[in-house]
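Peer 1: Can you read through this structure? Questions will come right after.
What follows is calculated from the coordinates using simple rules that are stated; it is not laboratory data. Note that the coordinates shown come from a computational prediction; the quantities given were computed from them, not determined experimentally. Cβ atoms come from the backbone with ideal geometry, glycine included; neighbour counts cover every protein chain shown.
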Amino acid sequence: MTLRKTYAQHRQELLGRYPDGVTSGGIAIDDIIQLKLQNTYSTHLDIARDMAGVMRADMADYDRDSAQFTQSLGCWSGFHAQQMIKSVKRLRGTTKGAYVYLSGWMVAGLRNRWGHLPDQSMHEKTAVVDLIEEIYVSLRQADEVGLNDLFKTLRAARQAGDTAAEAAAIEAIDGFETHVVPIIADIDAGFGNENATYLLAKEMIKAGACCLQIENQVSDAKQCGHQDGKVTVPREDFIEKLRACRLAFEELGVDDGVIVARTDSLGAGLTQKIPVSQEPGDLASDYIKWLKTEAITAENPIHSGEVALYRDGQFVKPVRMPNGLFAFQDGTGRARVIEDCIASLTQGGADLLWIETDTPNVDEIASMVSEIRKVVPNAKLTYNNSPSFNWTLNLRKQVRDQWIAEGKIHKDSYPEGNSLMSAEYDATDLGRETDARLAAFQADISARAGVFHNLITLPTFHLTAKSMDELSRGYFGDERMKAYVNSVQREEIRRGVSAVKHQHEVGSDLGDSFKEMVAGERALKAGGHANTMNQFAAE
């Protein structure tokens with residue numbers, strides 16, 4: 001990361017200009033130092049450059065030790081991202097290993113002007129850029145608020161003549177860790193042709209994105225990764241999109257920019273076009289070989305307007321759907337995923353892979369990664385710990401099947417179907433083992449399946465829905481204010497969530513400090529004795 005000047009370095013420079021410790025206009029140099037340090041980044045493009053370096057360093061750490069995997073939660077507002085990172089800092093004392101994921105699904109569902117829409121690239125391109133910008137504004141404001149608090153402590157120590165407290169405050173200022181972390185930003189399938197992808201990628205990078213995630217679906221028929229009807233593009237088409245993203249990074253001087261190449265081939269049974277093969281074994285022929293075909297016979301002749309392929313010494317008809325799309329052979333998704341990933345890494349210059357799966361099965365993912373690593377030994381993944389999976393049901397089924405195969409239980413010990421979701425199994429051996437595997441899932445998949453980054457795409461969508469339901473049920477029911485106090489405020493206070501002091505959280509004290517800088521004792525401040533936030537002062 002970019003090295004910041006220390007408090008002492010700033011002070012020495014400013015004293016060289018203002019030996020009396022104040023400017024000709026009466027501004028104290030400590031106030032200038034505070035504002036310089038609060039401005040942790042000059043531009044969001046600087047953020048992209050810096051955070052790319054952070055991601056590269058984290059990837060190197062992971063290569064040395066798979067326990068050093070990284071995590072993120074999908075956030076659909078700057079405030080969600082800010083509160084997540086503040087929580088991580090409170091828990092760990094550092095933000096290392098924590099990122100923000102920006103989900104195209106949530107932009108479509110929650111951040112576009114046309115209402116709540118499905119994940120089909122129907123939202124405005126600029127909505128993604130706007131959200132990146134908003135997230136970094138929020139994270140930088142968390143820096144401003146945090147550093148302002150430290151400077152208040154410094155001023156109080158000086159006023160009290162406490163040199164030890166003054167030194168401690170300066171040490172805390174110099175050691176302050178920014179709330180700014182990498183964003184992995186979803187550019188969907190590129191929103192158009194390769195030039196459109198490049199233009200949008202540039203805007204996302206200028207907004208601060210150090211990492212772009214792009215998928216190999218057709219951009220004008222893009223589907224959510226966990227829905228049916230997915231249509232992939234030929235590999236050379238996707239590689240052109242990857243190159244477009246790389247050129248955007250290079251043009252803007254983000255030399256370490258990270259590209260995540262996502263393949264949806266495991267669940268995609270269709271393609272929009274048949275690529276042109278120049279020679280056996282090229283990207284096109286490796287894509288074409290998986291097409292579903294029919295023999296041309298007297299009973300099934302080729303008709304005018306139909307397409308034929310020459311394969312293994314004879315002409316065959318690729319199976320074409322009524323909408324003109326071509327079908328892949330059943331059961332070929334796994335093989336296509338492996339080939340997609342190898343091509344993306346070796347010919348597209350991707351840095352990380354994303355394999356979209358339909359269930360959270362470590363063995364399945366590990367087996368695919370093992371095949372990829374035969375060609376690219378250091379291949380690494382981001383993995384979507386998706387809310388589209390029924391985690392409880394999937395893992396309980398996996399545990400049940402494994403125990404039956406190992407002879408630990410009889411097949412009648414637990415039911416086979418969806419009734420495994422019942423709360424009656426929570427306290428059983430099956431329920432406890434499932435919960436243990438859930439707790440260990442990310443470490444397990446990172447160690448066994450090459451997953452560098454674990455993310456949850458839509459947690460804040462579901463959390464907001466669940467939290468509002470919880471509060472509304474009580475508040476509009478019999479509990480009234482008890483519902484708010486018990487489920488929200490009391491928990492904020494006891495957990496040390498800074499947002500309980502909501503005025504302070506959005507910069508009220510920050511504003512007071514600035515007023516003092518320019519007005520001194522004349523400053524009309526909001527944080528006086530009558531401010532109700534004083535009820536939440538730390539004891």
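Peer 1: Taking amide H positions as placed in the peptide plane 1.01 Å from N, state which residues far from residue 231 in sequence (5 or more) or on other chains have amide H under 5 Å from it.
Peer 2: The list, which skips near neighbours in sequence, is 218, 223.
Peer 1: Another question, if that's okay. Taking the Cα atoms only, what angle lies between the long axis of helix 78-92 and the longest principal axis of the chain, rounded to 10 degrees?
Peer 2: Tilt of helix 78-92: around 80 degrees.
Peer 1: Looking only at region 154-198, which residues have a backbone nitrogen under 12 Å from a spot 7 Å from the Cα of residue 464 in the C-beta direction?
Peer 2: none
Peer 1: Show log10 I(q)/I(0) for region 1-129 at q = 0.09, 0.12, 0.13, 0.19 Å⁻¹, two decimals, from a solvent-free Debye sum over equal Cα scatterers.
Peer 2: Here log10 of I(q) over I(0) equals -0.45, -0.72, -0.80, -1.13.
Peer 1: Pick out, in residue order, every one of the trypsin sites (Lys or Arg not before Pro) in region 111-173 that is DSSP loop and has at most 10 other C-beta atoms within 10 Å; say none if there are none.
Peer 2: Passing both the DSSP loop test and the Cβ count: 113.
Peer 1: At q = 0.13, 0.16, 0.21 Å⁻¹, what is the base-10 log of I(q)/I(0) for region 396-527 according to the Debye formula with one equal point scatterer per Cα and no solvent? Please give it to two decimals.
Peer 2: -0.91, -1.06, -1.18
Peer 1: Same structure again: Using only Cα atoms and rounding to the nearest 10 degrees, what angle (0 to 90) does helix 508-519 make with the longest principal axis of the chain?
Peer 2: Result, in degrees: 50.
Peer 1: With the Cα gyration tensor of region 161-300 giving a ≥ b ≥ c as the square roots of its eigenvalues, does the rule (a/c under 1.5 for rounded; else a/b larger than b/c for prolate; else oblate) give rounded, prolate or oblate?
Peer 2: prolate
Peer 1: Still on this structure, I have one more. Report, in deg cm²/dmol and to the nearest 500, the calculated mean residue ellipticity at 222 nm for the chain, where each DSSP H run with n ≥ 4 adds -39500 (n - 2.57) and the sum is divided by the residue count.
Peer 2: Counting only the DSSP helices, I get -15000 deg cm²/dmol.
Peer 1: Out of region 392-441, which GluC sites (Glu not before Pro) are coil in DSSP terms and have no more than 15 other C-beta atoms within 10 Å?
Peer 2: 406, 416
Peer 1: Given DSSP loops and a limit of at most 13 other Cβ atoms within 10 Å, what is the longest stretch of the chain that contains no such chymotrypsin sites (Phe, Trp or Tyr not before Pro)?
Peer 2: That gives 115-475 as the longest site-free run.
Peer 1: Now, a different point. Enumerate by residue number the trypsin sites (Lys or Arg not before Pro) in region 454-511 meeting two conditions: DSSP loop (anything except H, G, I, E, B), and at most 11 other Cβ atoms within 10 Å of the site's Cβ.
Peer 2: In loop regions of region 454-511 (DSSP not H, G, I, E or B), the sparsely surrounded trypsin sites (Lys or Arg not before Pro) are 480.
Peer 1: Scale the Cα Rg of region 301-423 by the rule-of-thumb value 2.2 N^0.38 Å and send over the ratio, two decimals.
Peer 2: The reported ratio for this selection is 1.51.
Peer 1: Then there is this: Can you give the % of DSSP beta bridges in the chain that are antiparallel, to the nearest 5?
Peer 2: Just about 30 percent of them are antiparallel.
Peer 1: Distance cut-off 20 Å, Cα to Cα: go down the list 230/397; 202/241; 5/501 and report the pairs above it.
Peer 2: Correct reply: 230/397; 5/501.
Peer 1: Please list 3J(HN,Hα) in residue order for region 68-77, calculated via the Karplus relation 6.51 cos²θ - 1.76 cosθ + 1.60 where θ = phi - 60°; whole Hz, with x for glycine and proline.
Peer 2: 8, 7, 10, 9, 8, 10, x, 10, 10, 8
Peer 1: Please give the FRET efficiency for residue 409 paired with residue 124, using the beta carbon to beta carbon distance and R0 = 56 Å, rounded to the nearest 0.05.
Peer 2: 0.60
Peer 1: Sticking with this structure for a sec: With θ taken as phi - 60° and the coefficients 6.51, -1.76 and 1.60, list the Karplus ³J(HN,Hα) couplings across region 150-164 in order, rounded to whole Hz; mark glycine and proline as x.
Peer 2: 5, 5, 4, 5, 5, 5, 5, 5, 5, 4, 7, x, 8, 5, 5
Peer 1: For residue 413, enumerate residues with amide H under 5 Å from its amide H, sequence gap 5+ or separate chain, H modeled in the peptide plane.
Peer 2: Amide H neighbours of residue 413, under 5 Å, 5+ apart: none.
Peer 1: Listing 469, 444 from the residue with the fewest other Cβ atoms within 10 Å to the one with the most, what is the order?
Peer 2: Exposure proxy ranking, most exposed first: 469, 444.
Peer 1: Is the shape of region 371-417 best called rounded, prolate or oblate, per the rule: a/c under 1.5 gives rounded, else a/b larger than b/c gives prolate, else oblate, with a ≥ b ≥ c the square roots of the Cα gyration tensor eigenvalues?
Peer 2: oblate
Peer 1: In nm, what is the difference between 0.36 nm times the number of residues separating residue 493 and residue 294 and their Cα-Cα distance?
Peer 2: 64.9 nm
Peer 1: At 0.36 nm per residue, and after removing the present C-alpha to C-alpha distance, how many nm does the segment from residue 57 to residue 23 gain when stretched out fully?
Peer 2: Working it through step by step, the gained length comes to 8.1 nm.
Peer 1: Based on a Kirkwood Rh over C-alpha pairs, give the Stokes-Einstein translational diffusion coefficient of the chain at 20 °C and viscosity 1.002 mPa s in µm²/s.
Peer 2: Calculated translational D: 81 µm²/s.
Peer 1: Let me ask something else. Spelling out what I want: for every residue of region 30-35, take phi, set θ = phi - 60°, compute 6.51 cos²θ - 1.76 cosθ + 1.60 (Karplus), and round to whole Hz; glycine and proline get x.
Peer 2: Here the 3J(HN,Hα) series is 4, 5, 5, 4, 4, 5 Hz.
Peer 1: Over region 121-262, what is the relative contact order in whole percent, taking alpha-carbon pairs under 8 Å and six or more residues apart?
Peer 2: The value is 25 percent.
Peer 1: If you average the sequence gap of Cα pairs under 8 Å that are 6 or more apart and divide by the length of region 1-134, what percent do you get for the contact order?
Peer 2: Worked out over region 1-134, it gives 16 percent.
Peer 1: Scale the Cα Rg of region 267-314 by the rule-of-thumb value 2.2 N^0.38 Å and send over the ratio, two decimals.
Peer 2: 1.28
Peer 1: When only C-alpha pairs under 8 Å and at least 6 residues apart count, what is the relative contact order of region 392-442, in percent?
Peer 2: 49 percent.
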